[in-house]
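The values are calculated or read from the model by the stated rules, or taken from the named source; none is laboratory data. Please read these numbers as outputs of a predicted model, since none were measured by experiment. Glycine also receives a Cβ, built like all others from the backbone with ideal geometry; neighbour counts cover every protein chain displayed.
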């Protein structure tokens, strides 16, 4: 399936911010945007204000961006299960959040943590703050198997924006960490010659380091290993701490390992 953006939408401030974050990106990539509203009632329940607001937002967005491929999907049931049923590895799932990191809105709530862990696709969490004047992309690059994917994702994001890329790695007992990070930065610089890449290693805890580095930047990219469950205990400590204290939009990069569920067809789409 081709790339598409799914935006969790309930007409809260964070969900509107998430939609704004997606629009220009999707236009640049000629990718469709699907506003997704999840309600708890059954199909016979009258449409609630969130659905009506989502439809109004869809109409307004179509007027402002007639060239964009915009649609609306209304789902019923548990928000995590509903969204997981309609994503696939090519999806980019975008969720809005208040600045404190506690995800709000009738549908989304703190289940965004579960979505960032369980979804087989890229997940982006966007804070409800003004992002217009932010510059630069920060990436947390560890020593795991996903480090190359995180670095390449972050480099592509920085190059698309014309921004600098900052790679950060927490220094561990491995004395070669700085050399490994510098080598990774060099490879990304060679692959993206127009990109400015800098590298930092730190002895501080990972999450506070990333949050401080991302303050004032346009995007923070981190890796997220998909788990087979969605309980809170399955959320890694770094991912948890970053998402509840985030200082910039956070992109959770996930390599397709073949374990993701096939997405259900978008049969509930409405105009």
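When restricted to residues that are touching a residue at least 24 places away in the same chain (Cβ under 8 Å), part of a helix (DSSP H, G or I) and closer than 18 Å to residue 136 by Cβ, the range 186-203 contains 1. With a requirement of 2 or more residues that are over 25 Å from residue 157 (Cα atoms) and at pLDDT 90 or above, the strands (runs of 3 or more DSSP E) lying completely within the range 1-107 that satisfy it span 70-76. Taken as a whole, the structure leaves residue 157 outside the set of residues that are modelled with pLDDT of 95 or more, touching a strand residue (DSSP E or B) at 6+ places or on another chain (Cβ under 8 Å) and outside the structural domain of residue 24 (by TED's automatic domain parsing).
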